Amino acid sequence: MKRLFKRFFAVSVLVSSSFVWAQPDDERDRSLIIVGSDTLAKLVTAWAEQFYVLNPTILIEVQAVGSAATPPALLLGTATIGTMSRRMNADERGAFAGRQQRPPIEISLAQDAVVLIVHQQNSLESVSMAEVGQIFGMPGTCGSSMRPVFWRDLREDSTLANWKLQVFGRTATSGTYQYFRRVALCDGDPGIFVNELPGGAGVVNTVARVPGGIGYAATSYTSNDVKILGIEQPDGRILYPDDAEYPLKRTLYLYVMTDLTSESRSIECEFVAYVAGEKGRDLLRDAGFSISQVPDAQSAQDVADACD
Amino acid sequence: MPVTNWRHVKSVSLGLLIRVASFTVIFALLGMVVQMMVVAAPIFAASTLERIDAPDEGRDTPVSRTESRDADLTRRTYWVSKGGWQLKGTPGNPWLWVHDQTAVRLNVSELPSDFSIAQLVGHQRGLAVLVGNTLEHFHFSQPISINDVPAVERVKTVVMGSDIVALAGHPRLAVVALATSLSEIQVVDFRNPDTNLRIQVDVAIDRIVWESPSLIRALTSSGDPLLFAFRATDIGGDWRRLLSPIQYEGYPSEEYLWLPLPSAQAAEPKFSVVPLVFGTLKAALLALLFSAPLSLGCAIYVGCFVSEAQRQRVRPAIDMLTAFPTVVLGAIGLFWLAPRFGEFLSALIGIIALFPILAGLGVFVVRGLGWRWVRHDALDDWPLRLLPLVLLVIALGATAGLSGAARLPGGSLEAYLLSTGLSISYFNSLLVGIVLGLAITPTIFSIAEEAIHAVPRNMAAGALALGSTPWQSYRDVVQPLALPGMIAAIMVGFGRAAGETMILIMLSGNTGIMDLSIFEGLRSVSASLALELPEAPKTSSHYQVLFAMGLLLFGLTFIVNTVAEIIRARVRMRVRGL
């Protein structure tokens, strides 16, 4: 019995240790895994569907967890294409160097804006960036102080004067959150009172239901149920997301792990060529994004050309 | 040839299989706990400083010099920025001032008159100033009114033993590296006064620079640089920073903050687990408040008053609810309950207020009419026959609550509360408590009912025979024996509520505030784990703290459940003896 017990012990330890040191395996065979931003989820899914119709032999999987999921997935090889609604930061880039790996190819994909939204009943039409910092940040963000608690604190004549401000934002995994924090909150601390919701659609739907609500989301999520706020500039102009100088415009990125020098054309290359092509661009425009070009990143077309 | 006893073989092999399975489960669990401990342990490690020969390639990203700290060296003006504000100082001058990027607004801070700045270094939110042999740590502090300039506040003073020849501020944290005239390299951590890191070198040091957050380069007069590796967690080797209020740079007072800040390169992460533990306990207690009367009442009724045939029908039905996925409950809460929470609350208040009166009246009327289908000597057949009455009473109570709310000034409960200055957040603790309470009700019911039913029926029957009413026999005979089991049931329910994740992610709003109000949101440990673990880098303090919190949650539910199980086992023993 004692020997039996010992044997079981050994087996159990082996089994439990396999739990502890389990590693993800990276088997890939004519399959394409795309991870990344929730903002781009709808577009990437549409692309993947059409790409699959064009290339039925390739298995495509799309995961939209948030931009922060892209660098580790590319690093571990669990995905070869990633989307991000912000640029990879130095830490994330550094991780590739640390693993003696080539960093992924960076493609600037499209441009969209982060918009501030309120309930339809709200009389508020526009806010200044300083007020945005006050509403969404901890006291002291962007040099502001005193968070407005009621809408009357922000505008004396508000239709919702007695309502409390209920602030809705995204969780820290989201690229929209990190972009918003860097640009609108001067890289300061986001308020702990902000309701963190896992998706952009959640923010829009919730603000549509809560009279005292205010939130931010990517343009592609907005609906007619919410009011989009303009942003007051110091010179008195009020800018809307369609204006070129709208301060919360951002570039969305595609990160591709592939070897451009190899002789055979990789699946990743084919996908990028598809994205750069007419059909890909049509879907991009349909999703409400504009095709953009930032000076220090390649466009999809550049990479597609380099593949050949 | 002996005949094989197949029955024996079967029983032995089955026994083997069961043992293997149970050992596997136990060791897998142990393995996971050990793994979590291994991951979480580095967070408690003390800071270290050691001399190295060459930097570890790729281990750390170099400091980005975009903030023109070097350019400021030539101007001899040092500054740190916080949002739109800058804190500035110039060596030789006895003052620090705050500067606005758009308008020049001076706010000379109050310093001693003999305060002459020898040297100063800044990180993102604070400034370390050297005055003679003393290091002073300053930071911004939030003003009271909106048009004021942030004040400059002296947080900490460290008196050095010897003259300081070189000084450098950590790019991110309130940490300063310095070289003394005694050829000593020293790291002062303003976050943790117990840190005492020093290394004696034999050469004189001219200048000191932070190459990266973990690498210090000291330039000697001979020209050969010396390298030092500085390792510190984001809590500075002081576990108390997880639990006690901290005066963070840029904050006017000591606060509990959970702001792990995965993206910002320049700010200090804030890891106070207190708001999250508070949120978890708040949600679990509210859930119990809602669930305990409901489930215990139900358990007492089913366990003690209904016939065995009725019990056989009711119990499995409620047991099956235990397996109801909480994400579905969360979705119901999100899409149905949250949008009409004010109405739901007014109806609930109406039901709670009127139920005893209306139900009593109903029973009185039914009995007074002498309807034969309600016998008052036995309660056995009541549940189904009384259902129409109960539903009617609930409907009446809800209607009364709703119409009462409509008659309030403002037309609804929310509007009335608004006029009194009380606002209900869309995602609030009460909503979480109600839905979470529903989720744990079947669990509590199941265990409590089991405890009540385990009390031998002949004891209650004896009491009945001696002339006590059914309620008296329950109160004086059954309850004293079943009470520990009922407490155990509540504890198991609490453990389940504390570990529940999906309902909290969907309904709590995930706001890390510590507010006792039931109309404000909360952030629980479990929701934080689910939301933040996927994006926390594997070697970061954030990841380690999350694992430490996971262990905390595991420990809490493990202890509560174990104690509950011990109580249950004891009750079973005691009842068996009767």
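The values are calculated or read from the model by the stated rules, or taken from the named source; none is laboratory data. Keep in mind the model is a prediction, meaning the values are calculated, not measured. Virtual Cβ from ideal backbone geometry, glycine too; neighbours counted across all protein chains shown.
Which residues, counting only those in the stretch A:175-209, are over 25 Å from A:GLN121 (Cα atoms) and among the small types (Gly, Ala, Ser)?
A:GLY175, A:GLY188
For the stretch A:213-229, what are the residues that are within 22 Å of A:GLY191 (Cα to Cα) and surrounded by fewer than 20 Cβ atoms within 10 Å (Cβ to Cβ)?
A:ILE228
Quick check on my filter: what residues within the stretch B:439-480 are aliphatic (A, V, I, L, M) and in contact (Cβ under 8 Å) with a residue 60 or more places away in the chain?
The answer is B:ALA439, B:ILE440, B:ILE444, B:ILE447, B:ALA448, B:ALA451, B:ILE452, B:ALA454, B:VAL455, B:MET459, B:ALA460, B:VAL478.
Among the residues in the stretch A:12-22, are any within 30 Å of B:VAL25 (Cβ to Cβ), modelled with pLDDT under 85, within 14 Å of chain B (Cβ to nearest Cβ) and buried (at least 19 other Cβ atoms within 10 Å of the Cβ)?
There is at least one residue in the stretch A:12-22 that is within 30 Å of B:VAL25 (Cβ to Cβ), modelled with pLDDT under 85, within 14 Å of chain B (Cβ to nearest Cβ) and buried (at least 19 other Cβ atoms within 10 Å of the Cβ).
Has the stretch B:492-500 got at least one residue that is more than 14 Å from chain A (Cβ to nearest Cβ), without any contact (Cβ under 8 Å) to a residue 60 or more places away in the chain and surrounded by fewer than 21 Cβ atoms within 10 Å (Cβ to Cβ)?
Yes: the stretch B:492-500 contains one or more residues that are more than 14 Å from chain A (Cβ to nearest Cβ), without any contact (Cβ under 8 Å) to a residue 60 or more places away in the chain and surrounded by fewer than 21 Cβ atoms within 10 Å (Cβ to Cβ).
Of the residues A:VAL194, A:VAL149, which single one is buried (at least 23 other Cβ atoms within 10 Å of the Cβ) and either away from every other protein chain (no Cβ under 13 Å) or at pLDDT 85 or above (or both)?
On the way: A:VAL149 fails: buried (at least 23 other Cβ atoms within 10 Å of the Cβ).
The match here is A:VAL194.
Of the numbered conditions (1) within 10 Å of another protein chain (Cβ to nearest Cβ); (2) in contact with a Pro (Cβ under 6 Å, 6 or more places away or on another chain); (3) under 30 Å from A:PRO71 (Cα atoms), A:TYR177 fails exactly one; give the number of that condition.
Among (1) within 10 Å of another protein chain (Cβ to nearest Cβ); (2) in contact with a Pro (Cβ under 6 Å, 6 or more places away or on another chain); (3) under 30 Å from A:PRO71 (Cα atoms), A:TYR177 violates only (2).
So in the stretch A:159-173, with the set limited to residues that are within 18 Å of B:PRO534 (Cβ to Cβ) and more than 9 Å from chain B (Cβ to nearest Cβ), which one is surrounded by the fewest Cβ atoms within 10 Å (Cβ to Cβ)?
Among those that are within 18 Å of B:PRO534 (Cβ to Cβ) and more than 9 Å from chain B (Cβ to nearest Cβ), it is A:GLY169.
Considering only residues of the stretch A:43-79 that are away from chain B (no Cβ under 14 Å) and of a type in the set (Val, Ile, Thr), which is farthest from A:LEU284 (Cα to Cα)?
A:THR57
Is it the case that some residue within the stretch B:526-546 is under 26 Å from B:PHE324 (Cα atoms), in a loop (DSSP other than H, G, I, E, B) and within 14 Å of chain A (Cβ to nearest Cβ)?
No: zero hits.
The rows are residues; the columns are (1) in a loop (DSSP other than H, G, I, E, B); (2) farther than 30 Å from B:GLU520 by Cα.
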position	(1), (2)
A:PHE193	yes, no
A:ILE231	no, no
A:LEU254	no, yes
A:VAL272	no, yes
A:LYS279	no, yes
A:ARG285	no, yes
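Restricting to the stretch A:162-183, name every residue that is of a type in the set (Ser, Thr, Tyr) and outside any loop (DSSP other than H, G, I, E, B).
Result: A:THR176, A:TYR177, A:TYR179.
Would you mind telling me which numbered condition in (1) assigned to a loop (DSSP other than H, G, I, E, B); (2) in contact with a helix residue (DSSP H, G or I) (Cβ under 7 Å, 6 or more places away or on another chain); (3) hydroxyl-bearing (Ser, Thr, Tyr) A:THR159 fails?
A:THR159 satisfies all of (1) assigned to a loop (DSSP other than H, G, I, E, B); (2) in contact with a helix residue (DSSP H, G or I) (Cβ under 7 Å, 6 or more places away or on another chain); (3) hydroxyl-bearing (Ser, Thr, Tyr) except (2).
Among the residues of the stretch A:85-125, write down those that are more than 14 Å from every other protein chain (Cβ to nearest Cβ) and surrounded by fewer than 16 Cβ atoms within 10 Å (Cβ to Cβ).
A:GLN120, A:SER123, A:GLU125
Of the residues in the stretch B:218-265, how many are outside any loop (DSSP other than H, G, I, E, B), over 21 Å from the mean Cα position of the chain (by Cα) and of a type in the set (A, V, I, L, M, F, W, C)?
Here the count works out to 7.
Look at the stretch B:412-461 and say how many of its residues are among the small types (Gly, Ala, Ser), surrounded by fewer than 19 Cβ atoms within 10 Å (Cβ to Cβ) and within 26 Å of A:VAL203 (Cα to Cα).
3
Yes/no per residue for (1) part of a loop (DSSP other than H, G, I, E, B); (2) more than 18 Å from A:GLY133 (Cα to Cα); (3) of a type in the set (S, T, N, Q); (4) within 13 Å of another protein chain (Cβ to nearest Cβ):
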| position | (1), (2), (3), (4) |
| --- | --- |
| A:LEU185 | yes, no, no, yes |
| A:THR206 | no, yes, yes, yes |
| A:ASN224 | yes, yes, yes, no |
| A:LYS227 | no, yes, no, no |
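Within the stretch B:271-320, restricting attention to residues that are touching a helix residue (DSSP H, G or I) at 6+ places or on another chain (Cβ under 9 Å) and outside any helix (DSSP H, G or I), which residue is nearest to B:LEU553 (Cα to Cα)?
B:VAL273
Does A:ARG237 satisfy the condition of being within 8 Å of chain B (Cβ to nearest Cβ), surrounded by fewer than 18 Cβ atoms within 10 Å (Cβ to Cβ) and not small (Gly, Ala, Ser)?
Working: within 8 Å of chain B (Cβ to nearest Cβ): no; surrounded by fewer than 18 Cβ atoms within 10 Å (Cβ to Cβ): yes; not small (Gly, Ala, Ser): yes.
No, not satisfied.
Report, by residue number, each residue of the stretch A:240-285 that is among the acidic types (Asp, Glu) and modelled with pLDDT of 85 or more.
The one that is among the acidic types (Asp, Glu) and modelled with pLDDT of 85 or more: A:ASP282.
Would you confirm whether or not the stretch B:264-283 contains a residue that is at the interface with chain A (Cβ under 9 Å from one of its Cβ atoms), modelled with pLDDT under 85 and buried (at least 19 other Cβ atoms within 10 Å of the Cβ)?
yes
From (1) surrounded by 15 or more Cβ atoms within 10 Å (Cβ to Cβ); (2) more than 20 Å from B:VAL435 (Cα to Cα), pick out the condition that doesn't hold for B:ARG574.
(1)
Out of all the residues in the stretch B:399-440, which are outside any helix (DSSP H, G or I), on the phi < 0 side of the Ramachandran plot and within 14 Å of chain A (Cβ to nearest Cβ)?
Residues of the stretch B:399-440 outside any helix (DSSP H, G or I): B:408-412, B:420-428.
Checking the rest, the ones that are also on the phi < 0 side of the Ramachandran plot come to B:408-409, B:412, B:420, B:422-428.
Across the stretch B:399-440, the qualifying residues are B:PRO409, B:SER412, B:THR420, B:LEU422, B:SER423, B:ILE424, B:SER425, B:TYR426, B:PHE427, B:ASN428.
I'd like to verify a number: residues in the stretch B:558-568 that are surrounded by fewer than 17 Cβ atoms within 10 Å (Cβ to Cβ) and of a type in the set (Val, Ile, Thr), how many?
Adding up the residues that qualify gives 4.
Consider the stretch B:171-187. How many of its residues are in contact (Cβ under 8 Å) with a residue 60 or more places away in the chain and in a loop (DSSP other than H, G, I, E, B)?
The total comes to 4.
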